[in-house]
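Each remark here refers to the structure printed beneath this line.
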Amino acid sequence: MQLVVARIGRAHGIKGEVTVEVRTDEPELRLAPGAVLATEPASAGPLTIETGRVHSGRLLLRFEGVRDRTAAEALRNTLLIAEIDPEELPEGEDEYYDHQLIDLDVVTKDGEEVGRITEISHLPTQDLFVVERPDGSEVYVPFVEEIVTEIDLEEQRAVIDPRPGLIDDRAETASAKDPGDQA
């Protein structure tokens with residue numbers, strides 16, 4: 001099974017290093033020197049990591065055969081893909097690979113059917129479940145502990161405690177005025 005672990009950003013310096021946007025909770029395992037990664041587009045790889053270091057809070061990688069800024073810049077926006085065993089589980093107790101979450105049924109804590117997870121959207125601030133409703137529409141559910149209260153892989157479901165307005169049109173609005181006040 002293939003897992004996207006990073007996206008190559010801009011070249012850094014003149015010796016072939018690139019910045020990477022990490023898309024794995026296990027960069028020390030997936031992006032270690034010696035790792036051979038497939039790429040998207042496939043024509044850019046496979047790439048073997050030669051060195052890695054953190055500079056100003058960003059991970060910098062250098063790949064075998066990439067020796068100058070021009071070659072590094074040519075890799076910009078390339079996805080790095082690791083091959084993993086489908087039975088492998090993340091190290092953390094409350095961590096999941098995308099393939100484990102895709103197709104889970106989503107229900108509220110009261111048992112109301114919401115839909116099925118069709119995609120995980122990885123945003124800079126948080127991950128979102130893209131949930132297809134029974135009517136074919138989509139709803140976005142933030143993958144945060146306060147909303148996603150349980151992931152049950154055996155039962156193939158995710159239990160959510162949605163805030164008003166998240167999965168329906170009944171949003172609550174806060175007002176400083178008492179509804180009984182007249183202006």
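The values are calculated or read from the model by the stated rules, or taken from the named source; none is laboratory data. Keep in mind that this is a model prediction, so the values were computed, not measured. Counting neighbours? That spans all protein chains shown, and the Cβs are built from the backbone with ideal geometry, glycine included. Surface accessibility is based on the protein's heavy atoms, side chains included, excluding ligands, DNA and RNA. Shrake-Rupley method; radii C 1.70, N 1.55, O 1.52, S 1.80 Å.
Just checking, which of 108, 78 is among the β-branched types (Val, Ile, Thr) and surrounded by fewer than 17 Cβ atoms within 10 Å (Cβ to Cβ)? Going through 108, 78 in turn, just one is among the β-branched types (Val, Ile, Thr) and surrounded by fewer than 17 Cβ atoms within 10 Å (Cβ to Cβ): 108.
A quick yes/no check of all residues on (1) at pLDDT 90 or above; (2) open to solvent by 40 Å² or more (accessible area, probe 1.4 Å):
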{"position": "48", "(1), (2)": "yes, no"}
{"position": "63", "(1), (2)": "yes, no"}
{"position": "70", "(1), (2)": "yes, yes"}
{"position": "82", "(1), (2)": "no, no"}
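Just to be sure, is residue 26 under 19 Å from residue 2 (Cβ atoms) and charged (D, E, K, R)? So residue 26 passes the test.
For the residues 114, 130, the requirement of being under 18 Å from the mean Cα position of the chain (by Cα), at pLDDT 90 or above and of a type in the set (A, V, I, L, M) singles out 130.
The residues of region 111-123 that are without any contact (Cβ under 8 Å) to a residue 40 or more places away in the chain and open to solvent by 60 Å² or more (accessible area, probe 1.4 Å), listed by number, are 112, 113, 116, 119, 123. Residues in region 72-88 that are in contact with an Asp or Glu (Cβ under 9 Å, 6 or more places away or on another chain) and either assigned to a strand (DSSP E or B) or of a type in the set (Lys, Arg) (or both): 79, 80, 81. Restricting the first member to region 133-157 and to residues that are within 20 Å of residue 98 (Cβ to Cβ) and touching a residue at least 24 places away in the same chain (Cβ under 8 Å), and the second to residues that are open to solvent by 50 Å² or more (accessible area, probe 1.4 Å) and basic (Lys, Arg), the beta-carbon pairs closer than 7 Å and six or more apart or on different chains are 139/133; 149/109. Of all residues in region 2-30, those that are within 16 Å of the chain's Cα centre (by Cα) and of a type outside the set (S, T, N, Q) total 14. Taking region 36-45 as the range and being open to solvent by 40 Å² or more (accessible area, probe 1.4 Å), more than 16 Å from residue 23 (Cα to Cα) and either part of a helix (DSSP H, G or I) or of a type in the set (Asp, Glu) (or both) as the test, the residues that pass are 42, 43.
Can you pull out the residues in region 46-71 that are assigned to a strand (DSSP E or B) and of a type in the set (D, E, K, R)? Across region 46-71, the qualifying residues are 50, 53, 58, 62. Taken together, 94, 127 contain a single residue that is among the acidic types (Asp, Glu) and closer than 24 Å to residue 7 by Cβ, which is 127.
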